[in-house]
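Since every read-out is calculated from the coordinates, none of them should be taken as a lab result. Nothing here was measured: the structure is a model prediction, and the numbers come from that model. Every residue, glycine as well, gets a Cβ built from its backbone with ideal geometry; the counts of neighbours run over all protein chains shown.
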């Protein structure tokens with residue numbers, strides 16, 4: 001680990017030198033370090049510094065909207081995404097009222113624009129997560145499609161997907 005830590009420190013020093021030369025400033029307080037490793041407590045966290053100020057080691061970090069955890073399970077990202085999509089589901093619930101609500105095609109477009117776009121963003125990265133972790137997003141899809149179709153809760157998932165494919169080609 002000492003050799004890897006030394007190589008990381010050399011890379012950080014070269015980056016700081018380049019930034020100083022080109023007019024950029026790197027702050028150790030705003031920087032974070034994550035040690036990605038699937039093994040349990042075998043490796044110690046690296047001690048990397050910027051201008052003799054230590055870079056704090058954290059368990060998870062958000063990079064371009066995707067949350068990376070140290071074991072790359074992407075569970076924190078999926079839970080964050082699920083919470084965000086559940087709030088968006090409330091918009092669909094309000095708009096789907098039978099007395100004054102929006103029709104199914106418009107609800108489906110809102111679902112695709114608001115919820116599906118959030119889920120699709122970064123899916124190439126977090127798509128490698130374990131299927132049980134990814135299954136947590138299936139309930140969001142199912143709930144949204146039930147709301148869009150105007151169906152009751154016990155409706156089967158296959159019937160909802162038929163609704164979507166029918167409206168996709170209209």
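Observations, loosely collected:
- In terms of other Cβ atoms within 10 Å, 79, 89 run from fewest to most in the order 79, 89.
- Relative contact order (%) - segment 1-135, alpha-carbon pairs under 8 angstrom, separation at least six: 19
- Tensor-based shape of segment 74-121 (alpha-carbon gyration tensor, a/c under 1.5 rounded, otherwise prolate or oblate): oblate
- Three-way shape call for segment 1-137 based on the alpha-carbon gyration tensor, with the a/c threshold at 1.5: prolate
- Normalised by 2.2 N^0.38 Å, where N is the number of residues, the alpha-carbon radius of gyration of segment 1-58 equals 1.21.
- Computed over segment 1-58, relative contact order equals 41 percent, with contacts defined as Cα pairs under 8 Å that lie 6+ residues apart.
- Ascending count of other beta-carbon atoms within 10 Å, so fewest first, for 149, 143: 143, 149
- Backbone N within segment 1-24 under 20 Å of label point (7 Å from residue 53 Cα along the Cβ vector): 9-24
- Cα gyration tensor shape of segment 106-150, rounded if a/c is under 1.5, else prolate or oblate by comparing a/b with b/c: oblate
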